[in-house]
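**Student:** Dropping the structure in here first, questions after.
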Amino acid sequence: MSIPLQIRAQAAAAQLLYALPRPLRRLIAGRPIRLDGQELALDAQLLLRMQQLSGATLAKSDVAVSRAELALSRHLVSGKTIEPISTSEISVPAPHGTVPATLYTPEGLAAPSGLLVFYHGGGFVIGNRESHDNTARFLASRAGVRVLSVEYRLAPEDPFPAAADDALAAFDYAHAKAGELGADPARIAVGGDSAGGNLAAVVAQDATRRGGPAPAFQLLLYPTVDATVRRRSRELFGEGFFLTDESMTWFLDHYAPPGADRTDPRMSPLLAEELTGLPPAYVATAGFDPLRDEGELYAERLAEAGVPVALSRQADLIHGYVNFLGVGRRFTEATAEAAGALRVGLSRRAPA
C-alpha cells in the first residue's frame, strides 16, 4: 500500500519534532506528568501531545474505519523498515482453513535458530502483521532469532475463541515444521503485545496442560490477562494515556459478545487455577497503562507457581510502546530490553 502524501508529511514533521532540543520538546509537550509515583517520559508525553492535536483514537464506532486509520497511522511512529531481514509468506493449517503468517529471518542467521511465534496487539479487533512489521523485524534482529508473525482471525467477524484457536494452531505448526522454518524445535517461544500477549499466555497454558510440545519461553508485553475485573491502574490511567477505558470496553465487547464466558482462562489466563509447569516468562508492563496491574499480578502468580519470571515495569511509558520505534529513543530502549530477554530465554535448549 502506498503511503499518502499527507501521512508522509506528518511522519517527517514528527521526526523534526523529536529532533528539537529538549527544552523545546518540553515546551511543546507541556509540564511533566507525575502520577502514582511515576513521571511520564518526555518521548511518551510528546507522542500523546501529537495524538491530542490530531484527534486520533484507537477505537471508533466503525471497525473498518479503526482498522484503516491504524494502517495509516503506523507510518507516523514505526520508523524506517529494519533491514537486512528476509521475509517469506506462510500458510498455517488450522481447523477452519488457513492462518496467514510471515517468517522474518535476519541476514546471516544460521539454522537451526531460536524462533518466536509472535501475535500482534490490537484488542483482538484491529491490527495485523503489517501494523507490527517493524516490531517483528526489531525483535528478530536484536534477539538473533527467526520470528513467525501470525495474522489470527479478528473480532467481531470471528469472536472468542477464534483468535486463541489460531494462536495455538500457529505454535503447533511452528513446532511440527521447525526444520523447514530453520528453527530448533526445542527453542520456540511465544510472545506478543497487549492482546497478543494474552494469546501467548493462553498458548503457553494450553500447550503445557495437554502434554506434548510446549513453548520454551514466553514474551508477554503489557498483556491483557483478565476480562473480569477493573483494577486500580485502569482507574488511574484510563483516560489520556493512549489506551483508554472506553477503547478497552469497545475491544472486549467485540471479542466477547453477550453469552461469552469472560472467566474462561482462554480469555482471562490470570484466572487459570493452575500455573505450575509453564515455560519461563518475561513480563513487561508500562507504568501509565490501564493494563499495568493485571500484567504484574500475572507475573506474581507465575512466580508463586514456581515459574521462572522476570517482571519489568517500564514506569515512564505508555501502552503500545513496542510500536513506536520510529520516534525518540525511550521506546526503542524498552523494546531492546525485551529483545534481550528473548535472546537469553532462547539461548539454550529447553529441558527435555
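The values are calculated or read from the model by the stated rules, or taken from the named source; none is laboratory data. Not measured: the values here are computed from a predicted model. As a convention, Cβ positions derive from the backbone with ideal geometry for all residues, glycine included, and neighbour counts pool all protein chains shown. For the accessible areas, the whole protein counts, side chains as well, though only heavy atoms, and no ligand, DNA or RNA atoms are used. Shrake-Rupley method; radii C 1.70, N 1.55, O 1.52, S 1.80 Å.
**Student:** Looking at region 331-339, is at least one residue under 18 Å from the mean Cα position of the chain (by Cα), open to solvent by 10 Å² or more (accessible area, probe 1.4 Å) and of a type in the set (Phe, Trp, Tyr)?
**Tutor:** no
**Student:** Select from region 341-352 the residues that are open to solvent by 30 Å² or more (accessible area, probe 1.4 Å) and modelled with pLDDT of 95 or more and list them in ascending order.
**Tutor:** The answer is ARG343, VAL344.
**Student:** Could you list, in sequence order, all residues of region 156-205 that are over 15 Å from the mean Cα position of the chain (by Cα), crowded, with 24+ Cβ neighbours inside 10 Å and among the charged types (D, E, K, R)?
**Tutor:** Matches in region 156-205: ASP166 only.
**Student:** Follow-up question, since we're still on this one. If I ask for residues that are among the aliphatic types (A, V, I, L, M) and open to solvent by 40 Å² or more (accessible area, probe 1.4 Å), which ones from region 107-136 would you list?
**Tutor:** If the condition is that a residue be among the aliphatic types (A, V, I, L, M) and open to solvent by 40 Å² or more (accessible area, probe 1.4 Å), then LEU109, ALA110, ALA111 are the ones that fit.
**Student:** Of the residues that sit in region 305-322 and are part of a loop (DSSP other than H, G, I, E, B) and without any contact (Cβ under 8 Å) to a residue 40 or more places away in the chain, which one is surrounded by the most Cβ atoms within 10 Å (Cβ to Cβ)? Step through it out loud before you land on a result.
**Tutor:** Within region 305-322, the subset part of a loop (DSSP other than H, G, I, E, B) is 305-308, 315-320.
Narrowing the set further to residues that are without any contact (Cβ under 8 Å) to a residue 40 or more places away in the chain leaves 305-308.
On the way: ALA305: 14, GLY306: 11, VAL307: 19, PRO308: 13.
Across region 305-322, the extreme among qualifying residues is VAL307.
**Student:** Answer yes or no as to whether GLY114 is in a loop (DSSP other than H, G, I, E, B) and either at pLDDT below 95 or within 24 Å of TYR222 (Cα to Cα) (or both). It would help to see each step written out before you state the result.
**Tutor:** Values: in a loop (DSSP other than H, G, I, E, B): no; either at pLDDT below 95 or within 24 Å of TYR222 (Cα to Cα) (or both): yes.
Considered against the rule, which asks whether it is in a loop (DSSP other than H, G, I, E, B) and either at pLDDT below 95 or within 24 Å of TYR222 (Cα to Cα) (or both), GLY114 comes out as no.
**Student:** Next question. Please specify each residue of region 131-190 satisfying the condition of being charged (D, E, K, R) and over 21 Å from LEU109 (Cα atoms).
**Tutor:** GLU151, ARG153, GLU157, ASP158, ASP165, ASP166, ASP172 - these are the residues of region 131-190 that are charged (D, E, K, R) and over 21 Å from LEU109 (Cα atoms).
**Student:** Can you list residue pairs whose Cβ atoms sit under 8 Å apart, with the first residue in region 328-348 being hydrophobic (A, V, I, L, M, F, W, C) and the second being open to solvent by 70 Å² or more (accessible area, probe 1.4 Å)? Count only pairs 6 or more apart in sequence or on different chains.
**Tutor:** ALA336/ARG142; ALA339/ARG142
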